[in-house]
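Where a number appears in this text, it was derived from the coordinates with a stated rule and is not lab data. Computed from a predicted structure; not experimentally measured. No Cβ is skipped: glycine too gets one built from the backbone with ideal geometry, and neighbour counts run over all protein chains shown.
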Amino acid sequence: MPKIVNVEEELPKNPDVNRVWKLRKSSSVDTIVVHQAACKGATTRGIAKYHTSPTEDRNNDGRVDAWEVNHLSAKGAPRICYHYTIERSGIVYKCNYHWDVVWNAGSRRINKKSIGICILGDFSGPDYDGKQKPTKAQLKALEELIWHLRVSDIWSIPDKNIKGHCDVKRSKKSCPGTIIMNFIEKTYRT
Ligand SMILES: [Zn+2]
């Protein structure tokens, strides 16, 4: 069992209290989607802050510059857009509840039935040149977390439904990167 730190109530939230996740029955989960942060030095708190900040004219120059736009949603996401993050040390943070429909996969259909896990770091993949590799501790924690989710909950998650984000139609091909995709292939597809 990996070390899991519960931070569902501690991470930055959207400033609009009415902006909340849709809820689901836990039994509707049958998929895990693995992501990467694609940013060196990203922290769970930093990602949460970014995902939940509405687009605004932060430097008050009368126009919204590219860096001020929230790419997920102009109003910002309700909360961080993953259920779990895995930091470089291998520590796992639980960021949302399993009943939250989290916008992780870029597909409403997959979001409704998936658990999103983001591995922090900047990893290479198709058309993307990352600056880091996942740590051994992160890959070990990923495998243990998936095992833990599969045995301790009422879900039935078949091997083929353990996916990289790039397996979802029309998604970024560089997420979660080549090393993690090879790890998923080796662990769950052979
Ligand atoms: Zn992704």
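Values as computed for the structure displayed
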{"item": "Partner lysines for residue 94 [C-alpha distance under 21 Å; skip if fewer than 8 residues away on the same chain]", "result": "3, 13, 22, 25, 40, 49, 112, 113, 136, 140, 163"}
{"item": "Within a Gaussian network of the chain (alpha carbon springs, distance under 10 Å), most fluctuating of 59, 111, 14", "result": "59"}
{"item": "In Hz, Karplus ³J(HN,Hα) per residue of the range 122-129 (6.51, -1.76, 1.60; θ = phi - 60°; x = Gly, Pro)", "result": "10, 10, 6, x, x, 6, 9, 10"}
{"item": "Stokes-Einstein D for the chain, Kirkwood Rh over Cα pairs, 10 °C, 1.306 mPa s (µm²/s)", "result": "94 µm²/s"}
{"item": "Net charge of Cβ neighbours under 12 Å - reference residue 32; Lys, Arg +1; Asp, Glu -1", "result": "-1"}
{"item": "The range 1-77 versus the range 131-158: alpha-carbon centroid distance in Å", "result": "21 Å"}
{"item": "Vicinal HN-Hα couplings computed from phi for the range 26-43 (Karplus, 6.51 cos²θ - 1.76 cosθ + 1.60; Hz; Gly/Pro x)", "result": "4, 5, 7, 7, 9, 9, 10, 10, 9, 10, 10, 6, 6, 7, 6, x, 5, 10"}
{"item": "Relative contact order (percent, whole number), the range 33-190, Cα cutoff 8 Å, 6+ residue spacing", "result": "27 percent"}
{"item": "Fraction of beta bridges assigned by DSSP in the range 50-190 that are antiparallel (%, nearest 5)", "result": "50 percent"}
{"item": "Low-density loop positions, trypsin sites (Lys or Arg not before Pro), the range 71-115 - DSSP coil, at most 16 other Cβ in 10 Å", "result": "75, 88"}
{"item": "Extension gain from residue 128 to residue 40, taking 0.36 nm per residue of separation minus the Cα-Cα distance", "result": "30.3 nm"}
